[in-house]
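The values are calculated or read from the model by the stated rules, or taken from the named source; none is laboratory data. None of these values were measured; they are calculated from a predicted model. Every residue, glycine among them, receives a Cβ derived from its backbone with ideal geometry; neighbour counts consider all protein chains shown.
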Amino acid sequence: RHASHASQGTANRHSRDPAGKRLGAKRTAGEYVVPGCIIFRQRGTKWFPGENCAMGRDHTIYAAEAGYVRYYLDPERHPDRKYIGVVFEKDGKLPTPKNAPTRRKLNRVAVRFEPEEEVAAKQGDLVAKVGQDGTQVGSATKVEAAQAAVQLRPGYMYREANWSIGRAAEKAGITAKPYNRKNRWLAWRKRTAKADRLAQM
């Protein structure tokens, strides 16, 4: 037989039309992206990274900040290059003017600051007096203490502060006996009382 290898078909016929590499735009202009989101896949640098974007080692352009995608030209940087950037506002425009201050978002929203009127500081339920004998700490009036007692706490609930709850026994005049580790009879009474409480549960 002559030229038997030709009857087997071409060795590299399967590689003439390979599968596509899924290149091109992954996010359109005006679409919201987060940091690391791929915007454009390409071979070579058809597009260049603009503001708030970066380029990977395979020339993939991805977002470096959260915002909205913009495709634009910047003749001041380069006459022919096409850029992809990210703006923080939905109606933002690129390129920004040459001498304009740079914008940093830092996951915050710009809000107009208006100084508040000075309010008299609230007085707590403790008053300190410094004299010749040293510093003396006393209680304020009960009315002022009642006003300052209940506060809006995290979780949208009104409750007393922990330090105020801790001083309830002191305000009621209740005193605890000093602990004596040698008094085993008192320790036995507390232990049996605790066991009785647990048995009732």
Exercise for the section: Take the residues in the stretch 38-63 that are surrounded by fewer than 16 Cβ atoms within 10 Å (Cβ to Cβ) and under 23 Å from the mean Cα position of the chain (by Cα), then tell me which one is nearest to residue 86 (Cα to Cα). Expected result: 54
Completion exercise
Scanning the stretch 127-154 residue by residue, those exposed (fewer than 10 other Cβ atoms within 10 Å of the Cβ) and either at pLDDT below 80 or touching a His at 6+ places or on another chain (Cβ under 6 Å) (or both) turn out to be 128, 130, 131, 132, 133, 134, 135, 137, 138, 143
Practice task
Kindly provide the set of residues from the stretch 155-183 that are basic (Lys, Arg) and either in contact (Cβ under 8 Å) with a residue 60 or more places away in the chain or surrounded by fewer than 10 Cβ atoms within 10 Å (Cβ to Cβ) (or both), ordered by number.
Solution key: 177, 181, 182
Exercise for the section: Filter the stretch 162-201 for residues that are among the small types (Gly, Ala, Ser), over 30 Å from residue 152 (Cα atoms) and either at pLDDT 95 or above or in a helix (DSSP H, G or I) (or both) and give the result. Expected result: 187, 193, 195, 199
